[in-house]
Amino acid sequence: MKSILLFLLLTASESFTPFHVIEKRSLNKRHVIATETRKKNGVVLHQHLNQQEKDTQIDTIPTNTEIQNRREFIQQASLAFVASSLLLSSSSAQAIDTDDSSIEEKLDKSTSSAQAIDTDTTSIEETLDKSFEFPIDPRYFLAGGGCASFSHGIATPFDVIKTKIQTSPQDYDEGFLPSTLKMIQEEGIGVLAKGLVPTLIGFGLEGAVKFGVYESLKPTMVQLLHMEDKFIPYLLASIGAGAVASIMLVPMERARIKVVTSGEENVGPLGGVGDLIKEDGLNAVFYGYSTMLLKQVPYTMTKQVSFELFATNLFAFATTSLALPVNEETRLLTTVASAFCASILACTISQPGDVLLTKTLKDNEGDSPIANAIQVYQDKGFAGFYAGYAARLAHVVSIVTSQLVVYDYLKQLLGLPATGS
């Protein structure tokens with residue numbers, strides 16, 4: 001730094017032109033002018049100018065002290081200029097360093113912000129994954145399949161009577177009990193067990209899927225909808241479960257109705273499904289699915305949701321208002337009462353769909369619920385949708401009550417909580 005300053009000072013001093021040299025040049029020029037003027041104006045003017053030049057020269061020529069002072073002033077000004085330039089350069093460098101530091105800090109902050117955004121995104125994804133996870137517990141499927149096979153198996157006689165009344169109303173129009181006696185007289189007591197094999201297989205699979213999917217969808221729907229009231233989430237879960245379970249039920253239900261109405265005895269290990277495929281092809285297995293939805297979805301959502309509501313409220317009413325002890329006996333009592341009430345509601349709401357399904361699978365004229373509904377109404381009016389209702393009510397009440405009680409018992413045996421607890 002010192003060497004740079006010294007070089008600048010020496011350069012400034014060598015290139016400096018003294019003021020007295022400049023003044024002398026000016027005087028010489030004026031002297032020429034004065035000489036020319038003297039030639040024109042005479043001696044008097046010459047003498048006057050000469051005297052004036054002498055006075056001017058004396059006044060304008062600086063002394064050695066003045067010249068030295070001027071040199072010092074210029075040197076000091078040069079030093080000040082150089083120093084200020086160096087200071088400005090240093091300040092600029094510091095400013096650049098500061099800017100670099102601030103840029104680095106901003107980059108660090110941006111990186112931190114990006115990391116925070118990534119963390120937030122990860123947490124949101126984890127929250128969404130947790131919110132939409134589909135917990136599947138095989139114990140619900142096992143309990144559902146067991147209770148459905150048991151309940152529909154013991155209710156097979158009611159199902160046979162109901163199916164015959166719906167498919168042959170002209171032959172069995174005297175009511176439930178007279179029609180039952182007439183069937184036994186015509187075909188023997190074994191008629192009441194027709195369709196048992198497809199019933200056990202079909203409703204076993206249907207019950208496993210229906211209860212398993214319903215119990216799995218319940219917490220998912222509650223988290224998805226964020227509703228304090230669980231009625232709507234449970235209702236949507238039961239609708240989804242009923243739609244999925246119908247896929248399992250359609251082949252077996254069609255085989256069962258064919259066995260009951262045709263009088264076939266040998267139905268095979270698959271309950272007559274194999275014969276359907278041989279006769280009508282693979283597509284015939286799922287014939288009537290849209291009509292099955294009209295029966296099974298109202299039936300499933302009414303049965304399962306109403307059972308949950310009845311079980312919860314009846315147990316709370318029994319242990320608080322009636323002051324019954326909180327024990328297994330009270331739980332069993334409220335479970336049976338809840339299942340009984342749910343069975344009546346489920347049968348009443350799904351009865352029109354059951355009539356349409358029986359007609360569709362029996363006539364095999366096309367899976368058109370609207371066309372079949374119009375035909376039923378034209379034949380017997382609104383009462384036609386409740387043909388065989390008494391037989392089906394006895395059938396459904398026996399099925400649903402036993403099914404829900406057994407399901408609740410199997411759940412507890414498998415380590416699951418009781419319904420409504």
- Grab the Cα-Cα distance for residue 412 and residue 185, subtract it from 0.36 nm times how many residues apart they are, and report the gain in nm with one decimal. 77.4 nm
- Report the local net charge at residue 174: Lys and Arg +1, Asp and Glu -1, summed over other residues whose C-beta lies under 14 Å from its C-beta. -1
- Task: Mind scanning 182/380; 295/380; 210/359; 162/230 and naming the pairs with a C-alpha gap bigger than 28 Å?
- Result: 162/230
- Message: Considering just Cα atoms, how many Å³ per residue does the convex hull of the stretch 137-413 enclose?
- Response: 147 Å³
- Query: Listed highest first by mean packing, meaning other Cβ atoms within 10 Å per residue, what order do 403-412, 167-176, 343-352 come in?
  - Reply: 403-412, 343-352, 167-176
- Note on the structure: Evaluated at 10 °C and 1.306 mPa s, the Stokes-Einstein D of the stretch 376-416 based on the Kirkwood radius over Cα pairs, in µm²/s, stands at 128 µm²/s
- Treat the count of other C-beta atoms within 10 Å as a stand-in for reagent exposure and order 179, 398, 338 from fewest to most. 398, 179, 338
- Note on the structure: Note, residue 248: beta-carbon cut-off 9 Å, +1 each Lys/Arg, -1 each Asp/Glu, net 0
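Test of understanding: express the Cα radius of gyration of the stretch 137-207 as a ratio to 2.2 N^0.38 Å, with N the residue count.
1.33
FYI, it's all coordinate maths here, none of it is from the lab. Keep in mind it's a predicted model, so treat the numbers as computed, not measured. Glycine gets a Cβ as well: all are built from the backbone with ideal geometry, and neighbour counts include every protein chain shown.
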